[in-house]
Structure formats: C-alpha cells, structure tokens
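Undergrad: Just passing along the structure, written as structure tokens.
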Amino acid sequence: MQKNKTRNELRNCVIKSFSKEAEINSIYFFGKEVDNKSDEYSDIDMIICSNDLAKTQSKYLKILNDISPIIGSYLLNSTENDFSQMVMLNDFSPYQKIDFSITDSIETKISAGFGPFISIYKDNSLTTKDNSKLDIIKQDSVKNQLDNFLFTVPRFTKCLFRKDYDMYRRWKHISDYTMVLLYEKYFGWEEKTSKKKVHVKELSKLNKVMSNDENKILNKIFPSSGIVNIAESYKLCIVLLITLCKQKADYFKVELNEDFILHIERFLHSEITRYIKTI
C-alpha cells in the first residue's frame with residue numbers, strides 16, 4: 001500500500017503551483033496554521049485572491065489534479081465573487097483535504113466573517129483587474145449531501161486522536177442526520193433535506209415500519225444501556241448513511257462517486273481500528 005505524502009509536501013505544492021499563475025495576486029491561509037498549531041491531522045485552509053476570477057476558476061482543478069488526482073470534492077459556496085470548495089487528493093491523507101476559495105480580495109472574506117488569516121504569497125506588481133466574474137456552480141443536492149457526510153469523517157476521527165470534545169457534537173450531528181434519512185426512506189425522500197432531526201412522534205412512526213436489520217443497527221448506534229462507544233457508533237452511522245444516500249440517489253436517478261465512497265469507507269475503518277488500539 002502506497003504511503004501518503006505529508007501535509008508539508010502538500011502545503012509546499014499548492015503554494016508553488018498557484019503562485020506561478022500570472023493573475024493570482026495573493027494567497028492566504030487560515031485555521032490552525034495562523035496560530036502555528038497545525039499537526040498531522042490539519043487540513044490546508046487556503047484563499048486565492050485573483051485579478052481574473054474566471055481564468056483562475058477555469059484551471060484550478062487542473063492545478064490541483066497535477067499535484068495529485070482529485071478523489072472527491074464538496075461545494076461550499078458559489079457566487080460571482082466568491083467560490084469555496086473542499087477537495088480531497090488521492091496521494092494525501094483525507095486529513096489533508098484542501099479547503100479552497102477563489103475570491104476577488106481578502107476583504108470579501110473578512111466581510112463574510114472569515115479570519116484571521118496569514119499572508120503566504122503576495123505579488124504587489126499586479127494592479128490591473130480583469131473584472132471577470134466566477135461561474136455560479138449548481139451542485140446536485142443529493143450528491144452534495146453525501147459528499148458533505150463523507151468530508152465529515154476525517155473531521156470526526158481527528159477529534160478522537162486529539163482527544164477533542166468536539167467529537168460529541170460531530171457524533172450528535174451525524175446521528176441526527178442518520179435518523180432523518182431513515183425517516184425520509186419510509187415517509188418520502190426529499191431531494192434537498194429540510195429536517196434537522198426526527199422528533200418523538202415521528203420516531204414512534206418510524207419504529208413501526210423500519211426493518212429488523214435497521215432496528216438492530218440502531219440498537220448498536222444507540223444502545224439501551226445508555227453507554228455509547230462513540231467511535232463504533234459513529235462508524236455505524238456513516239455506514240448506514242452511505243446506504244441510505246445510495247437508496248436516495250437511486251430514487252432521484254443521481255450518479256454518485258463510488259470511488260470516493262470506497263476511499264472514505266476504507267479510511268474510516270482503518271482509523272477507527274487504529275484508534276481502538278490506542279485506548
């Protein structure tokens with residue numbers, strides 16, 4: 001099995017690759033790197049400021065793919081002046097996903113409440129702006145929902161290894177969504193899920209119709225003893241979510257990225273197994 005390249009290798013590659021592009025005037029990083037607290041579980045949080053938004057948008061995927069084949073992505077935001085996407089590369093650990101943005105200036109991000117940032121690259125010689133706009137990307141809501149779930153996996157597992165209490169919030173979020181999708185399965189799929197959680201009366205209805213196999217899985221996710229093995233419970237939630245998302249995609253005739261699903265399933269199994277050995 002090929003060993004993943006390091007975060008530092010990825011950091012150097014993205015800086016080198018994007019700073020070569022003539023229209024890019026600055027690169028900023030945010031997140032743990034601002035406080036010099038990045039570690040082996042840290043992702044790459046970066047903002048590209050461009051004098052020609054359309055030009056940068058037209059080639060950013062090729063630039064990333066030249067660093068390493070893209071295995072998965074998740075669209076966060078898409079407007080004429082700001083584009084944000086999470087990207088995972090095949091040759092790097094899922095922990096080193098790239099939280100990637102293209103914008104016209106760092107002030108756009110600051111006004112949206114982002115920050116603080118550190119300046120990684122700046123070209124003061126670029127003064128002329130093309131005034132081009134970003135294409136607004138429309139992502140299929142069913143696919144984007146699953147991609148969101150898949151990208152949460154390394155966010156949860158790194159909490160386990162860091163002994164970060166945020167693991168409980170992340171487990172609660174994903175277990176609530178598991179129940180929502182299970183409810184949708186029996187009472188009507190929603191192309192764009194609106195519910196955040198299943199309420200008591202809805203849960204009573206669900207208990208009457210779901211299969212024995214699903215009931216057994218839920219008993220493992222939410223044991224009657226009240227003692228939850230949070231790592232195993234989370235893993236079971238993700239496995240069930242993937243199954244439900246595939247059923248939902250079949251219903252709406254949406255094609256999913258099966259390679260990315262398998263990539264994350266293998267990663268989750270490996271990391272939960274590795275974590276259990278440490279406790």
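Undergrad: Of the numbered conditions (1) part of a strand (DSSP E or B); (2) within 30 Å of I230 (Cα to Cα), S84 fails exactly one; give the number of that condition.
TA: Single failed check for S84: (2).
Undergrad: Right, next: Looking only at segment 223-239, count every residue that is in a loop (DSSP other than H, G, I, E, B) and buried (at least 16 other Cβ atoms within 10 Å of the Cβ) and tell me the total.
TA: Quick first cut of segment 223-239, residues in a loop (DSSP other than H, G, I, E, B) only: 223-229.
From what is left, the residues that are buried (at least 16 other Cβ atoms within 10 Å of the Cβ) are 228.
Count: 1.
Undergrad: May I pose another question? What's the number of the only condition in (1) surrounded by 15 or more Cβ atoms within 10 Å (Cβ to Cβ); (2) touching a residue at least 40 places away in the same chain (Cβ under 8 Å) that M210 fails to meet?
TA: Unmet condition: (2).
Undergrad: Okay, moving on. Those residues that are without any contact (Cβ under 8 Å) to a residue 60 or more places away in the chain and crowded, with 19+ Cβ neighbours inside 10 Å, I need them from segment 181-201; list them, please.
TA: Selection gives Y183, V198.
Undergrad: Something else: Being β-branched (V, I, T), outside any strand (DSSP E or B) and out of contact with any Cys (no Cβ under 9 Å at 6 or more places or on another chain) is the filter; apply it to segment 57-81 and report the residue that is modelled with the highest pLDDT. Spell out how you get there, then give the answer.
TA: Residues of segment 57-81 that are β-branched (V, I, T), as a first pass: 63, 67, 70-71, 79.
The next check asks that each one be outside any strand (DSSP E or B); those that pass are 63, 67, 79.
This time we only want the ones that are out of contact with any Cys (no Cβ under 9 Å at 6 or more places or on another chain), so: 63, 79.
Details: I63: 97, T79: 93.
For segment 57-81, the residue satisfying everything is I63.
Undergrad: Also, I was wondering about something else. Please work out if S26 is crowded, with 19+ Cβ neighbours inside 10 Å, among the polar types (S, T, N, Q) and farther than 21 Å from P154 by Cβ.
TA: For S26, the condition - crowded, with 19+ Cβ neighbours inside 10 Å, among the polar types (S, T, N, Q) and farther than 21 Å from P154 by Cβ - is met.
The values are calculated or read from the model by the stated rules, or taken from the named source; none is laboratory data. This structure is a prediction, so every number in the text was calculated from the model and none was measured. Don't worry about glycine lacking a Cβ; one is built from the backbone with ideal geometry, like all the others, and counts go over all protein chains shown.
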